[in-house]
1. Find all pairs meeting these conditions: Cβ atoms under 9 angstrom apart; at least six residues apart or on different chains; first residue within the stretch 21-43 and over 18 Å from residue 6 (Cα atoms); second residue surrounded by fewer than 12 Cβ atoms within 10 Å (Cβ to Cβ) and of a type in the set (A, V, I, L, M).
2. Spot the failing condition for residue 26; the list is (1) surrounded by 10 or more Cβ atoms within 10 Å (Cβ to Cβ); (2) modelled with pLDDT of 85 or more; (3) not in a helix (DSSP H, G or I); (4) not polar (S, T, N, Q), and only one is missed.
3. What is the residue count in the stretch 52-92 for residues that are at pLDDT 85 or above and within 30 Å of the chain's Cα centre (by Cα)?
4. Taking the conditions exactly as written (in a loop (DSSP other than H, G, I, E, B) and either among the β-branched types (Val, Ile, Thr) or in contact with a Cys (Cβ under 7 Å, 6 or more places away or on another chain) (or both)), does residue 8 satisfy them or not?
5. Against the definition (aliphatic (A, V, I, L, M) and surrounded by fewer than 10 Cβ atoms within 10 Å (Cβ to Cβ)), how does residue 31 come out, yes or no?
Amino acid sequence: MSVSIDDVHYIAELARLRVNESEAEAIQKDLNQILGYMQKLEELDTTNVEPLEHVLEMEFRTRKDEPKEPLSHEDAMKNAPDADSDYFRVPKVIE
């Protein structure tokens with residue numbers, strides 16, 4: 001299977017992209033190289049290959065869920081760009 005210039009223009013139209021002829025030719029070349037590589041991959045025998053979750057052997061690491069002191073009201077209000085005593089002031093979003 002190969003990609004034609006018409007295919008490139010059709011894909012560009014679907015993606016709402018404007019491509020000139022030189023860009024279309026470059027995209028056609030790239031897509032055909034990708035498809036050629038995919039054909040090479042299809043030729044490999046993968047019957048005894050286990051599927052991978054990740055390409056690197058990694059353990060899922062999480063921190064322990066330990067209770068801590070909550071942030072004090074004063075510390076939380078220190079970072080507010082605009083505050084009114086006990087509340088954060090934010091721009092009005094509902095009319």
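1. Within 9 Å, the pairs are 39/1.
2. Status for residue 26: all satisfied but (3).
3. Count: 2.
4. So residue 8 does not fit the description; no.
5. no
The values are calculated or read from the model by the stated rules, or taken from the named source; none is laboratory data. Since the structure is predicted, the reported quantities are computational estimates derived from the model, not experimental observations. Cβ atoms come from the backbone with ideal geometry, glycine included; neighbour counts cover every protein chain shown.
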